[in-house]
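Have a look at the structure below, then the notes.
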Amino acid sequence: MGYTQRIIDELTKRYADQPEFIQAAEEVLTSIAEAVDANPAYEEAAVLERLVEPERVVMFRVPWVDDAGRVQVNRGFRVQFNSALGPYKGGLRLHPSVNLSILKFLGFEQIFKNALTTLPIGGGKGGSDFDPKGKSDREVMTFCQSFMTELARHIGSDTDVPAGDIGTGAREIGYLFGQYKRLRNEFTGVLTGKGLGWGGSLARTEATGYGLVYFVQELLAHRGEKLAGKRVNISGSGNVATYAAEKARELGACVQTMSDSTGWIYEEGGIDLAAVHEIKEVRRARLSEYAKTHPSCTYTEGRGVWSIPCDIALPCATQNELLLEDARTLVEQGVSVVAEGANMPTTLDATEYLIDAGIAFCPGKAANAGGVAVSALEMTQNSERLAWTFDEVDAKLQEIIVGIYRGASEAAERFGKPGNLVVGANIAAFEKVSAAMLAQGIV
């Protein structure tokens, strides 16, 4: 039995109750097996055993008082996975589905995503099963203050720098930062995604969506193609989906679909993104409202975004949303590129099917790394007490994304898997992290 398979088997047995984490670990370890086997030093130093175990997992209760005066209790987490390359870096997710398995899956992925940026940041993730939807500002503030009261013991600008994620937007980051500042009596870049007037970075909001499209643009350029004229299907209507749609349209593509948790819209001539923004961001309503003012649009309840023929598919909603049956439909209808805007939105069997079918598949750890890249650039601006212009940040973002594509593509070529960006991205990231781990000894 090979080294990587042994580790996969041990993990599967030890963490049978953590399917999301096992899925992420298996995907990575399987794809880097050839690189690992080529260097006996990895097994001798137990690199994989150390890589798949978080350096630290913090779990804590979060008591808070709602508007009715009742005491509520949620669970808080921070998974500090790997700091070989720099301070832990990863978002705080506030959603009822949050549990240790999901956060370990996200934190493990974050190690490799952050390594691909070539910026000095390690991997981590955290959050709570608290749901900010339907809560008043006072309730959200009370929760965030209680959450940060414990989390503040474990983070710092040179230790662990959390960011936003699902459920953690500008409002929540503001409350969290305010409580950290109050507790520690210091104004430091301990959180990213801050307001522009107090340490935030321009282009951070757009970064993940823009970066996703820049990645696809670079891939197409290597084929001698352009984004202009391509039909693009997008799932989701949140931050990533919205700005991916905006940048794709800016570069001449036709964005045909978007979705939310209840249904999806299809407009053959291209979606009116200003209307989507007004519905989702201003009114915070459902996409079904779009069809009421756009008669050429088709609105459908439930799933179905991937049933519409397209050239490029950008899953930007949530994990495991693009299933094997969806992959088959996309291939049958002529898709040429699938790029992940969300974290692992494509199931393993669907990923394998797309790659075997010769589709250019862009894994999330590479394609959606724009958000964490600009978060790291925010850390740099905070350290220098400077604020860069939008164009400066956007130019650095494009440079980083192009570098990620080229690094992943080169690694895939080197190991005899040309065009396989899953293998290429995982190997390129693993080589960087493992080199640092070996250099730093058994820690």
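Assuming R0 = 51 Å, can you tell me the calculated FRET efficiency for the pair Val57 and Glu332, based on Cβ-Cβ distance, to the nearest 0.05?
0.75
Say R0 is 22 Å: what FRET efficiency, to the nearest 0.05, do Ala357 and Lys226 get from their beta-carbon distance?
Numbers: r = 23 Å, r/R0 = 1.05.
Using R0 = 22 Å, I get an efficiency of 0.45.
Given the options Lys135, Lys194, Lys104, state which has the largest fluctuation in a GNM of the chain using a 10 Å cut-off (strictly under) for Cα springs.
Lys135
Just give me a number: lysine pairs in segment 55-186, eight or more positions apart or cross-chain, with C-alpha atoms less than 17 Å apart.
Step by step, the pairs that qualify in segment 55-186 add up to 6.
Report Rg(Cα)/(2.2 N^0.38 Å) for the chain, keeping two decimals. Intermediate values should be presented prior to the final figure.
Working: Rg = 21.1 Å, N = 443, 2.2 N^0.38 = 22.3 Å.
Its radius of gyration relative to the 2.2 N^0.38 Å reference: 0.95.
Any idea what the dipole of segment 67-218 comes to, in debye rounded to 20, about its Cα centre with Lys/Arg Cβ at +1 and Asp/Glu Cβ at -1?
280 debye
Compute the distance in nm between two label points, each set 7 Å from the Cα along the Cα-to-Cβ direction, one at Ala45 and one at Asp66.
Computed distance between label sites Ala45 and Asp66 equals 5.1 nm.
What is the Cα radius of gyration of segment 1-96 over 2.2 N^0.38 Å, N being its residue count?
Computed over Cα atoms of segment 1-96, the ratio equals 1.44.
Which one, Pro87, Thr142, Leu219, is farthest towards the positive end of the dipole of the chain when Lys and Arg carry +1 and Asp and Glu -1 on their Cβ?
About the Cα centre, the residue reaching furthest to the positive side is Thr142.
Cross-link partners among lysines for Lys226, C-alpha distance below 19 Å, same-chain residues fewer than 8 apart left out?
Counting by Cα, and skipping residues close in sequence, Lys226 has these lysines nearby: Lys247.
Just to be sure I understand: of the beta bridges DSSP finds with both ends in segment 206-367, what percent are antiparallel, rounded to 5?
Percent antiparallel among DSSP bridges in segment 206-367 is about 35.
Could you tell me which residue out of Gln381, Val337, Ile355 lies farthest along the dipole of segment 331-428 toward its positive end? Charges go on the beta carbon: Lys and Arg +1, Asp and Glu -1, centred on the Cα centre.
Checked the options; the winner is Gln381.
Counting only DSSP beta bridges with both residues in segment 55-186, what percent are antiparallel, rounded to the nearest 5?
70 percent
Taking every DSSP beta bridge that has both residues in the chain, what percent is antiparallel when rounded to the nearest 5?
Percentage antiparallel, nearest 5: 55.
Where the only charges are on Cβ atoms (+1 Lys, Arg; -1 Asp, Glu), what is the dipole of segment 27-101 about its Cα centre, to the nearest 20 debye?
Charge dipole, segment 27-101, about its Cα centre: 660 debye, nearest 20.
Cα atoms only, segment 192-275: Rg and Dmax in Å?
Using the Cα atoms of segment 192-275, the pair Rg, Dmax is 14.1, 43 Å.
Computed from the mean reciprocal separation of all distinct C-alpha pairs, what Kirkwood hydrodynamic radius does segment 55-186 have, in Å? If you can, show how the numbers build up before the last one.
Numbers: mean 1/r = 0.0679 Å⁻¹.
14.7 Å is the Kirkwood radius here.
What are the trypsin sites (Lys or Arg not before Pro) within segment 20-87 that DSSP puts in a loop, where the Cβ has at most 13 other Cβ atoms within 10 Å?
Passing sites in segment 20-87 are Arg70.
Could you give the dipole magnitude of the chain about its Cα centre, charging the beta-carbon of Lys and Arg +1 and that of Asp and Glu -1, in debye to the nearest 20?
Details: 44 positive and 57 negative charges, 248 e Å.
The calculation lands at about 1200 debye.
Send over the Kirkwood Rh of segment 206-367, from the inverse of the averaged 1/r over different Cα pairs, rounded to one decimal Å.
15.3 Å
With unit charges on the beta carbon (Lys/Arg positive, Asp/Glu negative), name the residue among Trp264, Ile308, Ser296 whose Cα is farthest towards the positive pole of the charge dipole of segment 206-367.
Ser296
Using every Cα-Cα pair within segment 378-443, state what percent have a distance larger than 15 Å.
65 percent
Quick one: what does P(r) look like for segment 310-405 with 10 Å bins over all Cα pairs, in whole %?
So the P(r) values, bin by bin, are 16, 40, 24, 15, 5, 0.
Between Leu348 and Arg182, take the C-beta separation as r, use R0 = 45 Å, and let me know the FRET efficiency to the nearest 0.05.
Working: r = 44 Å, r/R0 = 0.98.
Efficiency for this residue pair is about 0.50.
Just so you know, all these numbers are worked out from the coordinates, no wet-lab data involved. Computed from a predicted structure; not experimentally measured. Glycine gets a Cβ as well: all are built from the backbone with ideal geometry, and neighbour counts include every protein chain shown.
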